[in-house]
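Since the structure comes first, as structure tokens, the remarks are kept for the end.
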Amino acid sequence: MGTVEPQVVTASDVQEHLSMTTDAQPQVTDGFHLVIDALKLNGIDTIFGLPGIPITDLTRKAQASGLRVISFRHEQNAGNAAAIAGFMTQKPGICLTVSAPGFLNGLSALANATTNCFPMILMSGSSEREIVDLQQGDYEEMDQLAIAKPLAKAAFRVLHAEDIGVGIARAIRAAVSGRPGGVYLDLPAKLFAQTMDAEAGRKSLIKVIDPAPRQSPARDAVQRAVELLKGAKRPLIVLGKGAAYAQADADIRTLVERTGIPYLPMSMAKGLLPDTHEQSAAAARSYVLPEADVVMLVGARLNWLLSHGKGKTWGGKDHKAWGGQKFIQIDISPQEADSNVRIDAPLVGDIGSCVSALLAAIDSTADSAAGRSWAKPPAEWTGAIAERKNKNLAKMAETLAKNPVPMNFHSALAVVRDIIKANPDAILVNEGANALDFTRSIVDMHKPRKRLDVGTWGIMGIGMGFAVAAAVVSRQPVIAIEGDSAFGFSGMEVETLCRYDLPVCVVIFNNNGVYGGTDVNPTGAPDVAPTVFVKGARYDKLMEAFGGVGVHVTNPAELRKAMEQAIRSRKPTLINAVIDETAGTESGRITRLNPTSGKKK
Ligand code: FYN
Ligand code: ADP
């Protein structure tokens with residue numbers, strides 16, 4: 001990324017904007033171009049957004065300047081696209097929205113990005129401060145900066161053109177340094193038309209140097225962790241989405257394989273090592289979590305997804321409670337340790353630096369033990385895991401071999417598993433309840449950062465935004481496995497998929513409702529039950545409406561054929577897969593989170 005020549009705005013351009021008259025031909029620039037130049041100077045090449053007052057011209061000028069501007073139908077989807085682009089690239093994804101309602105629509109994605117540690121910048125046009133602060137009733141008046149602050153990692157406002165360079169630089173650094181997250185940048189409408197000398201404008205821009213500095217762990221912290229690992233009889237490594245984001249793939253794989261320690265990938269860490277790896281303990285999850293005596297968390301928080309490191313593990317049945325483990329936690333956030341239970345060996349730093357430091361310490365420990373290599377975990381531990389894993393794998397294989405009519409999640413996902421195996425570079429986007437939980441345990445991932453899902457919040461609605469960004473960023477085929485309810489939150493973006501002709505294959509598991517279409521209205525009144533949708537809906541027609549390929553399938557063979565064709569053609573495709581509406585459970589594997597009235601169903 002070299003220096004970027006400022007977008008020189010001639011007087012006639014300025015006249016067009018400011019209807020000013022001038023004889024001279026001063027070389028000036030304006031707020032529009034300073035924003036664009038600042039982004040380009042920092043290697044940003046794509047904006048996800050939705051045009052409208054006061055940023056429509058910014059989208060036009062951005063595109064004219066060579067930035068890719070991907071326009072959506074709802075800002076939440078643009079924001080989710082920006083967030084996952086950040087996760088995939090380690091550069092902040094940019095979401096651009098109009099003021100007030102557009103800003104609010106983007107806010108849910110900003111909050112989700114902050115929660116998931118995805119680096120993104122929500123840039124929104126806004127009303128003039130003097131009117132907002134006096135609450136005089138401006139067009140779309142809203143104190144957006146104040147509203148964004150609690151939900152963002154950082155939030156800034158720029159009032160003067162000469163400060164745009166600093167504003168963008170601060171937003172970029174805040175988004176990617178330390179624990180990545182969502183940043184809000186407030187751009188009042190008047191800012192864009194402000195002009196300044198072009199040369200002064202160029203000098204005001206900042207190319208951010210080393211925006212995400214490596215942070216090495218302390219030597220004693222490394223030693224403390226190695227000692228714990230050395231003494232473990234039943235060690236376990238948990239890989240979280242932080243480990244995927246760090247892009248330290250080779251060292252992470254070496255750490256797992258050199259120590260021989262079993263590992264458990266969290267959903268978006270699947271594929272860091274292939275899910276078929278012999279050390280994967282994913283298919284023995286409820287056994288390894290409570291039984292391990294030392295658990296090393298690598299970019300994974302002990303939050304609800306890991307039952308807070310104590311109590312019962314999640315799942316359809318009660319499991320042995322956790323308790324008494326010793327924890328090593330590798331994390332860039334020093335405050336994360338002890339958030340739920342005591343962390344015996346916090347290793348604070350970026351995962352790349354921490355893992356390479358651990359490897360060096362492990363190697364030196366092995367050498368000092370008279371040339372013995374690192375002692376692998378005891379066979380009774382790895383053997384016990386293998387026994388449970390193989391039992392679950394066998395049970396799953398038996399289920400997947402069945403071909404029930406109507407098709408259910410398992411028989412459909414047996415096809416998806418094959419398709420992903422045959423296309424390891426394809427990206428899998430996944431959301432839903434049963435559609436999410438069954439896909440997670442059935443569809444093996446083979447490469448890092450190929451599974452993008454609902455993440456820490458379990459948020460519905462990420463599907464099409466993630467699919468658009470995944471296709472734009474990776475240029476690889478994208479397969480979005482969607483619950484029919486989940487798809488509804490972002491379904492209008494199938495038009496976006498077609499408009500940009502993206503190689504996205506959306507597979508909707510259509511079981512006629514939220515969780516399934518079997519609820520009935522007990523009153524007998526005409527209204528269907530709150531969880532029921534139109535029976536036999538044909539979502540495939542929606543894709544056809546915009547020129548994409550729509551396919552309706554009712555069995556695995558038809559699903560396989562349609563998916564293979566979609567991958568081959570790289571055409572936007574929506575497959576409406578009819579799923580037995582009695583299959584699955586309410587809320588999938590987190591049924592127990594539903595408060596019950598105590599009555600057994
Ligand atoms: C896993 N398992 C397998 C396999 N992989 N069996 C066979 N083959 C394979 N490949 C086993 C695993 O050992 C568990 O069995 C079980 O399948 C479930 O595995 P999972 O899903 O990894 O484990 P679990 O207990 O569900 O994990 C808890 C959880 C997870 C909270 C981390 O449920 C989750 O991430 N949920 C997200 C929910 C969400 O966000 N929903 C969106 C909104 S829902 P046992 O070991 O025998 O237990 C709106 O309503
Ligand atoms: P998962 O849901 O997969 O378990 P989480 O989102 O709970 O993952 O945890 C991700 C953790 O990774 C966060 O605590 C975050 O601070 C940390 N993290 C993110 N990026 C890095 C990095 N580059 N180096 C170290 N830690 C990181």
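Every number in this text was worked out from the coordinates using simple rules, so none of it is lab data. A quick note: this is a predicted structure, and the numbers were derived from the prediction, not measured. Don't worry about glycine lacking a Cβ; one is built from the backbone with ideal geometry, like all the others, and counts go over all protein chains shown.
Across the range 355-439, Cα-Cα distances exceeding 17 Å account for 69% of all pairs.
Each of TYR287, TYR245 was scored by other Cβ atoms within 10 Å of its Cβ. Listed from fewest to most, they are TYR287, TYR245.
Amide H contacts of TRP322: GLY311, LYS312, THR313, each under 5 Å away and 5 or more positions distant or on a separate chain (H built 1.01 Å from N in the peptide plane; Pro and chain starts excluded).
Evaluating 6.51 cos²θ - 1.76 cosθ + 1.60 at θ = phi - 60° for every residue in the range 144-155, the Karplus couplings come out as 4, 4, 5, 6, 6, 3, x, 9, 10, 5, 7, 8 Hz, glycine and proline recorded as x. With the charge dipole of the range 328-478 set up from +1 on Lys and Arg Cβ and -1 on Asp and Glu Cβ about the Cα centre, the Cα lying farthest toward the positive end among the listed residues PRO406, SER339, ILE351 is that of PRO406. For the range 50-61, putting each phi into the Karplus relation 6.51 cos²θ - 1.76 cosθ + 1.60 with θ = phi - 60° gives couplings of 8, x, x, 4, x, 10, 4, 5, 5, 5, 5, 5 Hz, in residue order, rounded to whole numbers and with x for Gly and Pro. Value of Rg to Rh for the range 447-489, rounded to two decimals, is 0.96; Kirkwood radius and Rg both from alpha-carbon coordinates.
What area, in nm² and to one decimal, does the C-alpha convex hull of the range 219-384 cast on average over all directions? Kindly include the intermediate steps, with their values, before the conclusion.
Numbers: hull surface 35.7 nm².
Over all viewing directions, the range 219-384 projects a mean Cα-hull area of 8.9 nm².
A Cβ-based charge dipole, computed about the Cα centre of the chain with Lys and Arg at +1 and Asp and Glu at -1, lands at about 2500 debye.
Among the chymotrypsin sites (Phe, Trp or Tyr not before Pro) in the range 427-488, those located in a DSSP loop and surrounded by at most 15 other Cβ atoms within 10 Å of their own Cβ are TRP457. When the alpha carbon gyration tensor of the range 530-571 is reduced to an equivalent ellipsoid, the three semi-axes, largest first, read 22, 15, 7 Å. Kirkwood-type hydrodynamic radius, the chain: 25.7 Å, calculated from all non-identical alpha-carbon pairs. With 5 Å bins beginning at zero, the pair-distance distribution over Cα atoms of the range 461-601 amounts to 2, 10, 18, 20, 18, 13, 9, 6, 3, 2, 0 %. For VAL69, nonlocal amide neighbours, meaning residues 5 or more places apart or on other chains whose placed amide H falls under 5 Å from its own, are ILE47.
Pairs of alpha carbons in the range 28-204 separated by more than 21 Å make up 41% of all such pairs.
The share of C-alpha pairs in the range 27-79 whose separation exceeds 12 Å stands at 64 percent.
A simple rule links phi to the HN-Hα coupling: the Karplus curve 6.51 cos²θ - 1.76 cosθ + 1.60 with θ = phi - 60°, which for the range 502-517 gives 8, x, 10, 10, 8, 10, 9, 7, 9, 10, 6, x, 6, 6, x, x Hz, with x for Gly and Pro.
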